[in-house]
Amino acid sequence: MPPKPSTPPSTLFDKVWAAHLVSEQTVDQPAVLYIDLHLVHEVTSPQAFSELKSRGLKVRSPERVFATIDHSTPTLPTNADGTHPYATDENRLQVEKLYANAKDNGLTLNGWESDRRGVVHVTAPETGRVTPGMTIVCGDSHTATHGAFGALAFGIGTTEVGHVLASQCLLQRKPKSMAINVTGALQQGVTAKDLILAIIAKIGTSGGTGYVIEYRGDAVKALSMEERMTVCNMSIEGGARAGMIAPDDVTIAWLKANTPLGERGDFQSMSQKWLAFKTDEGASFDKIVNIDANSITPMVTYGIDPSMAIGVDDLVPAGANKDALEYMGFEAGHDVHGQKVSKVFIGSCTNGRLSDLQAAANILKGRKVAEGVEMLIVPGSVKTKADAEAIGLDKVFVDAGAQWREAGCSMCLAMNGDMAAPGELVVSTSNRNFKGRQGPGARTVLASPETAAASAVMGHITDPRTFKEAAQ
Amino acid sequence: MSTKRQPFTAITSHFILAPQNNIDTDQIIPGRFLTTTEKTGLGKSMFYDWRYNEDGSVKADSLFDDPAKKTSKILVAGKNFGCGSSREHAPWSMQDYGFKVVMAPSFSDIFKSNALKIGLLPIEISEKVLVWFKSHPNEETTVDLEAQQIRCGDEVISTFKVEPFARYQMLNGMDDLDFLMSKTADIQFFEDHRA
């Protein structure tokens, strides 16, 4: 069945979906959805390249593939002989495999030699590859990050990585739509990370299953692009494969100032097209959730999934999951703030951008990381690192006693050797606090960069508003 | 070259019960095992932190290493199974271990999609059926994809639904990539005519 354009009034999601239909879904067959941009990293791609090779298939559109290395890469400095200090030979071989696959298939790979290498969801927008109205996939569940630009972006498995490499398409049933309306304004010292943790606490880890979320409302419009990326990034922690925010002046200004697109002569006319990707007045959603931004305080997780989150000054709820409390060593009815911290991790595709590092530096400046706390600060990309160093943030971090590392995913998923020991309590700006995520037996508390930095200084979980620098 | 898979019709097997809700893919296969560049060999690392002591020895109470259950082809789990990461290593590890079916009251979207793509059948069951499994831990059950039934002997425990295209592909051992490649002319037409 040939596809039709979406009939107004339609949602942002409807418009992007309709613009990419090679064929409509029927009772018996899913839709064939065209993919504009395919992001590839070393962990979820090797088996897909092997599959294509065994079938004698080629990459259909190499120019639509962008590869980088981030998950298996060490964050320690390069060795004196120019080699990289991989944690294991398997990590190294996985990276080398992507180099070989990129070469064999004529793909762009921002590898070690590139000044635009980094966490795939940080570096793809930075390089101007992400624009409103696109379809974007990656073998990575945090692909929803790019929804911040009004793109339909979602994570896929490795079999589907192979599908997109070979056909530039995916077989998909159209998900339902959910509006999350965030009214009011975030209070001083409350961040985009606190907002998304509050949203996930409200809808639960499966509240968004089967939906594409559109984040809407005054509090969302007021967010910067980096903050919007933080919000969309964690859509999957609420079960939604994709989360989107309609492009507006903030989006256009960011693309102009921060990407090579801003230099183009046709930037103005492209902007006009991009701004058409918005939900029409009167369009309906399958589900609507309302959140009051005014009531949100700095959030921390107390349990073993991202929905087990409370205000940092609140008590662990009486009905909290027993297994979670046993693992975390927390008690219902007691404080989370004041719990002694072993490690602090600032970084990841959720909170590894320049504004996140700046927020942490504001608190760390002129202060010291508490005795007995190890703090890792891992920029999201090589560019983020350079930008941070250009304004002296590296000095602030090192003077405070934190470790300033090379770009990568690092302790977010702990597969590159950066990890916590059994029992250690980690305050982490990443996106998942599952059991063992940051190392077997490691206990993760998710929080904003402000809360993480404040906790590093105090040596225990701390409300960042204790520091006047966070409350400004 | 087209790739025919083993058609899935029906299996009869004991089951392993992991009734917790929200079993995430970091539990199924922890991140540190994702360094492989192969799909096979992950079965021994499946649910690693649940199964092994720090010294690598098997825990006495490991669900997945009980000799009486080790040949089970069915896993029965709590709701929102497979939440978290998109790693296909999770269903690969389950398939490598020997599972052919996973049943739960609900699944995460990406896990369900990944499982169907590799022929590991995810079946949504009601809480009532989950209770039946909990109260019949040693029964063998039959999962019949053709009839879309779960049976114990001749008794139908439950019917279930699988997305029609995925069901057709599994019943016939057909491959989604072959299907997509058959759409090349349509894809080319889209590329040539898109606004």
Let me have the relative contact order for the range A:12-172, percent, based on Cα pairs under 8 Å that are six or more residues apart. 32 percent
Among A:K340/A:K368; A:K53/A:K385; A:K256/A:K395, the pairs whose Cα-Cα distance exceeds 26 Å are A:K53/A:K385; A:K256/A:K395
Report, largest value first, the span of the C-alpha coordinates of chain B along each principal axis, in whole Å. 61, 44, 30
Theoretical FRET efficiency, 1/(1+(r/R0)^6), r = Cβ-Cβ of A:K468 and A:L93, R0 41 Å, to 0.05: 0.25
Plugging the Kirkwood radius over Cα pairs into Stokes-Einstein for the range A:98-232, at a temperature of 10 °C and a viscosity of 1.306 mPa s, what D comes out in µm²/s? 95 µm²/s
What net charge do the residues around A:L171 carry, taking every other residue with its C-beta under 11 Å from that of A:L171, with Lys and Arg at +1 and Asp and Glu at -1? 0
Among beta bridges assigned by DSSP with both residues in the protein assembly as shown, the antiparallel ones amount in percent, to the nearest 5, to 30 percent
Which value in nm describes the separation of the simple spin-label points at A:R173 and B:A68, placed 7 Å from the Cα toward the beta carbon? 3.8 nm
Would you tell me the mean number of C-beta atoms belonging to other protein chains that fall within 10 Å of each C-beta in A:135-142, as a whole number? 3
Among B:P105, B:P122, B:P67, which one moves the most in a GNM of chain B with springs linking Cα atoms closer than 10 Å? B:P67
How large is the charge dipole for the range A:12-172, taken about the Cα centre, if only the Cβ atoms of Lys, Arg (+1) and Asp, Glu (-1) carry charge, to the nearest 20 debye? 300 debye
Running a GNM on chain B with Cα contacts under 10 Å, which residue among B:R51, B:R167, B:R32 ends up with the highest mean-square fluctuation? B:R32
CD proxy at 222 nm, helix term only [per DSSP H run n ≥ 4: -39500 (n - 2.57); per residue of chain A; nearest 500]: -8500 deg cm²/dmol
Cut-off 16 Å (backbone N to label point 7 Å along Cα→Cβ of A:D249), residues of the range A:178-220: A:218-220
Mean-position separation - Cα centroids, the range A:434-472 and the range A:383-430, in angstrom: 13 Å
How large is the translational diffusion coefficient of the range A:73-118 in µm² per second when you combine the Kirkwood radius over alpha carbon pairs with Stokes-Einstein at 37 °C and 0.692 mPa s? 284 µm²/s
Antiparallel versus total DSSP beta bridges in the range A:12-172: what percent is that, nearest 5? 30 percent
Take the eigenvalues of the Cα gyration tensor for the range A:12-172, scale each by 5, and report the square roots as semi-axes in whole Å, largest first. 29, 18, 12
I need the Kirkwood Rh of chain A: take the reciprocal of the average 1/r across all distinct C-alpha pairs and report it in angstrom. 22.5 Å
Taking each residue in B:173-184, count the Cβ atoms of any other chain within 10 Å of its Cβ, then average. What number comes out? 5
Give the separation of the Cα centroids, the range B:1-61 to the range A:196-243, in Å. 30 Å
If r is the Cβ-Cβ distance from A:E281 to A:A185 and R0 is 25 Å, what FRET efficiency results, to the nearest 0.05? 0.60
Two-site label geometry, A:N290 and A:D314: point separation in nm, points 7 Å out along Cα→Cβ: 1.9 nm
How would A:E326, A:E214 line up from fewest to most surrounding beta-carbon atoms within 10 angstrom? A:E326, A:E214
Formal net charge of residues neighbouring A:D305 (Cβ-Cβ distance under 12 Å; K, R +1; D, E -1): -1
Inter-probe distance in nm under a simple model that places probes 7 Å from Cα toward Cβ, at B:D178 and A:N79: 4.7 nm
The distance between the Cα centres of the range A:40-75 and the range B:105-157, in whole Å, is 34 Å
Send over the per residue convex hull volume for the range A:176-294, Cα only, as a whole number of Å³. 105 Å³
Cα atoms only, the range A:300-471: Rg and Dmax in Å? 14.9, 48
Cut-off is 10 Å between beta-carbons; in what order do A:L57, A:L186 appear when sorted fewest neighbours first? A:L57, A:L186
Can you give the Rg to Rh ratio of the range A:1-96, both from alpha-carbon atoms, with Rh computed by the Kirkwood formula? 1.16
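Each value in this text was obtained by applying a stated rule to the coordinates, not by laboratory testing. Treat the numbers as computed from the prediction; the structure is a model and nothing was measured. Methodologically, a virtual Cβ is constructed for each residue, glycine included, from the backbone with ideal geometry; neighbour enumeration extends over all protein chains shown.
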